[in-house]
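This report concerns only the one structure given below.
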Amino acid sequence: MTRPVTATPASSAPATPDALLNTYKRAPMEIVRGAGSELFDADGRAYLDFTAGIAVMALGHGDEGVANAMREALESGLTHVSNLFRTRPGELLAARLAELSFADRVFFCNSGAEANEGAFKFVRKWARAQGGPAKHEILSVRGAFHGRLFATLAATDRPQYRAPFRPLAGGVSIVERDLDELRTVLDPERVAALVIEPVQGEGGMRVLDAAFLRDVRALTRERGIALVLDEIQCGLGRTGTLFAYQQSGITPDVMTLAKPLAGGLPMGAILMTQDIADAMQPGDHGTTFGGGPFVAHVALHVLDRLADPRMLAHVREAGAWFGAALQSLQERSGRIRAVRGVGLMWGVDVTPSAADVIARARDRGLLLVSAGEHTIRFLPPLVITQDELARGLSIFEDALTSA
Ligand SMILES: *Cc1c(COP(=O)(O)O)cnc(C)c1O
């Protein structure tokens, strides 16, 4: 006998953040609804969302196609079966990611940090098989952000995130983002891999030079060191090509993805060449949730939409317009020290505190996120229109002028 089931909230008490661990400086309003590039709070106020859930909601909020994919996924009656069994959506998603990228093999997990942690394990095992036990070190570069777990934190250049949690994972360290320095420290006997974000996100929206990336690729290849690209923030269309590495003409050995991959559901992926994959065997790594049929089915839909050449052309055109508009704002404002970015991923160094400008923008109906004390990030949904970009920019200008 089946009984009707209704989802009833456990309590009708008003929501407060008091029972949540106090690790975030959350904005005070409560978000209750989303539509496209807009979010709405409990008082019915609308906000243009230039955060997209930190580069996650590439297709915007409340997207009909994503909602349909979720409904379809539910119709099978499968949300999770574990990796003890084969399921179709994950296999299809891996094949599609491989077809669209340099990769031969894919491992699914549940977040960005988890993708990088897995990648570090894979390259270590691969490197040891090539060069023996000493070849295990993982290097990242100045300004990097790779996550908040022990190994990814060791690769993350934020002293205030790291200090309270020492000791971090061993054999992971940060080096200067400089070719001469890399020539010195990339010792083929000891270094397993170099991990780099083609566009540094949390570290200040810094687009790494295509020539630098090509030199790094040549150097790592020559020395038998794996190149891991962290495209968790800059991948999947954000820069105007499906993957950021495609703009420099290089290919990595490993690439990590997460943020926008499953339309707002948690999912990460580690993409790799067959050579790296060959080092891994059953039992070497695992995850309970990773690559389940529900998230993978939704991600298949998201990937098709983001890989659409019209979507990528829109990101390039809207992004170029927005970048030029930010630069002309810099010329007239006097409160902007630098503008950096590509596609729909921009950072602006402002003279007032970023937190102050962000609060003022929020009061005026625009949501922004910082990347350091004086850097504001613009990460709108990729489906945002030029009109919405212009509207957000004029709110930003107003907020900046008032600060
Ligand atoms: C967000 C981010 C991560 C960490 O992802 P989580 O899902 O928060 O663990 C890692 N690398 C980059 C480049 C990111 O932007």
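The values are calculated or read from the model by the stated rules, or taken from the named source; none is laboratory data. It should be emphasised that the depicted structure is a prediction, and the values quoted were computed from it without experimental measurement. Here the Cβ positions follow ideal geometry from the backbone for every residue, glycine too, while neighbour counts run over all protein chains shown. The area values use the complete protein model at the heavy-atom level, side chains included, leaving out ligands, DNA and RNA. Shrake-Rupley method; radii C 1.70, N 1.55, O 1.52, S 1.80 Å.
Worth a mention:
- Shape category assigned to the range 160-220 from the gyration tensor of Cα positions, a/c cut at 1.5: oblate
- For the chain, diffusion coefficient by Stokes-Einstein and Kirkwood Rh (Cα), 20 °C, 1.002 mPa s, µm²/s: 97 µm²/s
- For Ala338 and Phe165, the difference between the fully extended length at 0.36 nm per residue and the C-alpha to C-alpha distance is 59.0 nm.
- Maximal additional length on extending the Met29-Ala42 stretch stands at 3.9 nm, based on 0.36 nm per residue less the C-alpha distance.
- Net charge of Cβ neighbours under 13 Å - reference Gly147; Lys, Arg +1; Asp, Glu -1: -2
- Packing around the peptides 108-119, 140-151, 358-369, taken as the average count of other Cβ atoms within 10 Å per residue, puts them in this order, highest first: 108-119, 140-151, 358-369.
- Over the range 335-403, relative contact order from alpha-carbon pairs under 8 Å, at least 6 apart, %: 34 percent
- The local environment of Ala113, defined by Cβ-Cβ distances under 11 Å, has a net charge of -2 under the rule Lys, Arg +1 and Asp, Glu -1.
- For the range 150-271, the Kirkwood radius over C-alpha pairs fed into Stokes-Einstein at 25 °C and 0.890 mPa s yields D = 160 µm² per second.
- Relative contact order computed over the chain (Cα-Cα under 8 Å; 6+ residues apart), in percent: 22 percent
- Within the chain, percent of DSSP bridges classed antiparallel, to nearest 5: 65 percent
- Remark on Leu366: its backbone amide H falls under 5 Å from those of Leu48, a criterion applied only to residues 5 or more positions apart or on other chains, H modelled at 1.01 Å from N.
- Point-charge dipole on Cβ atoms (K/R +1, D/E -1) for the range 76-307, about Cα centre, debye to 20: 400 debye
- Prolate/oblate/rounded call for the range 338-403, Cα gyration tensor, a/c under 1.5 rounded: oblate
- Within-13-Å neighbourhood charge of Val185 [Cβ basis; K, R +1; D, E -1]: -2
- All-pairs alpha carbon distance profile, the range 76-307, 5 Å steps from 0, percent: 1, 7, 15, 20, 21, 17, 11, 6, 2, 0, 0, 0
- For the chain, the share of accessible area belonging to carbon and sulfur comes to 53 percent (1.4 Å probe, ligands and nucleic acids excluded).
- Rolling a 1.4 Å probe over the protein heavy atoms gives the chain an accessible area of 46 Å² per residue.
- Two-decimal Rg to Rh for the range 62-113 - Kirkwood Rh, Cα set: 1.00
- The lysines whose alpha-carbon is closer than 29 Å to the alpha-carbon of Lys259, local same-chain residues fewer than 8 away aside, are Lys25, Lys121, Lys125.
- Residue list for the range 365-394, given a label point 7 angstrom along the Cα-to-Cβ vector of Glu317 and an amide N cut-off under 20 Å: 380-393
- For the range 76-307, averaging the sequence separation of C-alpha pairs within contact (under 8 Å, six or more residues apart) and dividing by the residue count gives a relative contact order of 30 percent.
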